[in-house]
Amino acid sequence: MTIAKKLLPFGFRLVIGAALAVASTVASAQVSLSTVVDLARRNSNAVKLAESDVNKANAVLSQTKDVIIPTVLFSTGVPVFPQVGFTGNPPSIWTATVQSLIFGVPQKRYIDAARFGLQAASSKLLDAREQVALEASTAYIELDTIERELAAAHQQEGFAERLVAIEQERAEAGVDPLSELLHARLTAAELKLRRQHLETRQKTLSTQLAALTGLPVGSITPDHASIPEIPRLKGNEPPHNLAGVHAAQLIARSRMLSAKGDREINYMPQLSFGAQYNRNTTLLNNVDFYFANPLPANNFSSGIAIEVPVFDMGRRAKARESAADALRAKIEAEQAERQNDLQIEELSDSIRELDTQAEIASLKQQIAGDQLKSVLAELELGNGSGVGPNATPQQSPKSEQLARIEERQKLQDAMDAEFELAKARLGLLRALGHMEDWLHELHTK
């Protein structure tokens, strides 16, 4: 290593050292929840697909409206061999054609259907952005909870190591049986396993957030202060701006209008305009031989065509297909609304239980903390019961470690309960359509 350092120029070593320092800083930098949500939205494939659907819906709407804009076609051609005889078509060097739809009730249905389709695609985009924000927020809050639990778990392991050392001394002195030492070691092993479980979950969440945001794995350190309080909504509140359900309803209306247009096109006439110019030529042909007067070079025609449907089995089959699609979309919209109502009910019931569980866990944590204070006070001052036969035994260092382990465990249990409650509240927030309101608060925090 020393020889390698000597071989490297001083400036190069300085650049490497600076790069390592920057990398270390980036790896340990805190990232706020609002930043994670923004990165997840920009990086999400689901959001990108929804944006692509919006662009496609815009193009479909333009296509349905542009049929009334005249289309201009230009074609040209030169015969390969001289024409002999009457071919049925006047020979032309080039042709220009103008066509457009003037009036058609079915086309109005298609335009309205495309407009609803665009609104549905926009609602789907909003729904995809909310879903990504929910996933990123849930993973971020859980990672923050896990890291705080890990700090308590490391403290627990330290207390367990001291407990094992105390029991080792007491077993060697013959004060406690060997089973007490084994119990202490079992406690230490269980705490080690719990800490390993938390570390595994931490790595999983870091990988998940990296995939959501596009940042390197392990580069996101949660900032607990950046997490705003989640509103305490109730399930009996009326839903507001349900993007997913609204998108399904708009799709149903779009399909219904498309089916109506496909049905009306079977019996309603349409008016269209057309114009054509031909530049004729007598080169390489003897067409003038068949007409009384020479063939004119410039030829122009125009007119309005009225298309009256009489019998078209293909269009009728298309109308039946569109009607079936419209019925399916209507049923899917109703199903989406029912599923959202069911989710609201389930989350409301779950939140009531989780709220009580969080309260119980918090009370247990407070009791464990108060018991720890009592044990520490007795170790320092004694319990004041004397040394008689009926006196309460004095607390020992072993009791102190057990109380500290118990207090840290209750703290972790309270954190778990708080996270489960926060997760359910976020789900209810989205089910009631208030996700964007919370995200706005998130960015103003």
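So ALA18 passes all but one of these: (1) part of a strand (DSSP E or B); (2) modelled with pLDDT under 70. Which condition number does it fail?
Going through the list (1) part of a strand (DSSP E or B); (2) modelled with pLDDT under 70, ALA18 breaks only (1).
Within the stretch 160-174, is there a residue that is loosely packed, with under 15 Cβ neighbours inside 10 Å and on the phi > 0 side of the Ramachandran plot?
Checking the stretch 160-174: at least one residue is loosely packed, with under 15 Cβ neighbours inside 10 Å and on the phi > 0 side of the Ramachandran plot.
Quick test of your reading of the structure: TYR110 fulfils all but one of (1) touching a residue at least 60 places away in the same chain (Cβ under 8 Å); (2) under 30 Å from ILE230 (Cβ atoms). Name the failing condition by number.
(2)
Failed condition for ILE102, given (1) part of a strand (DSSP E or B); (2) of a type outside the set (Ser, Thr, Tyr); (3) out of contact with any Leu (no Cβ under 6 Å at 6 or more places or on another chain), with all others met?
The number of the failed condition is (3).
Go through the stretch 181-203 residue by residue and tally those that are modelled with pLDDT of 95 or more and either outside any helix (DSSP H, G or I) or of a type in the set (Ser, Thr, Tyr) (or both).
So the answer is 1.
Please pick out the residue among VAL31, VAL54, VAL67 that is surrounded by 12 or more Cβ atoms within 10 Å (Cβ to Cβ) and modelled with pLDDT of 95 or more. Spell out how you get there, then give the answer.
Values: VAL31 fails: modelled with pLDDT of 95 or more; VAL67 fails: modelled with pLDDT of 95 or more.
Testing whether each residue is surrounded by 12 or more Cβ atoms within 10 Å (Cβ to Cβ) and modelled with pLDDT of 95 or more leaves just VAL54.
Filter the stretch 267-301 for residues that are among the hydroxyl-bearing types (Ser, Thr, Tyr) and at pLDDT below 80; which is farthest from ILE69 (Cα to Cα)?
Filtering first and then ranking leaves TYR290.
Any residue that is modelled with pLDDT under 85 and either assigned to a helix (DSSP H, G or I) or farther than 24 Å from ASP112 by Cα (or both) - is there at least one of those in the stretch 312-325?
The answer is yes, given that some residue of the stretch 312-325 is modelled with pLDDT under 85 and either assigned to a helix (DSSP H, G or I) or farther than 24 Å from ASP112 by Cα (or both).
The values are calculated or read from the model by the stated rules, or taken from the named source; none is laboratory data. These numbers come from a predicted model, not from an experiment. Cβ coordinates were reconstructed from backbone atoms using ideal geometry, including for glycine residues, and neighbour counts include every protein chain displayed.
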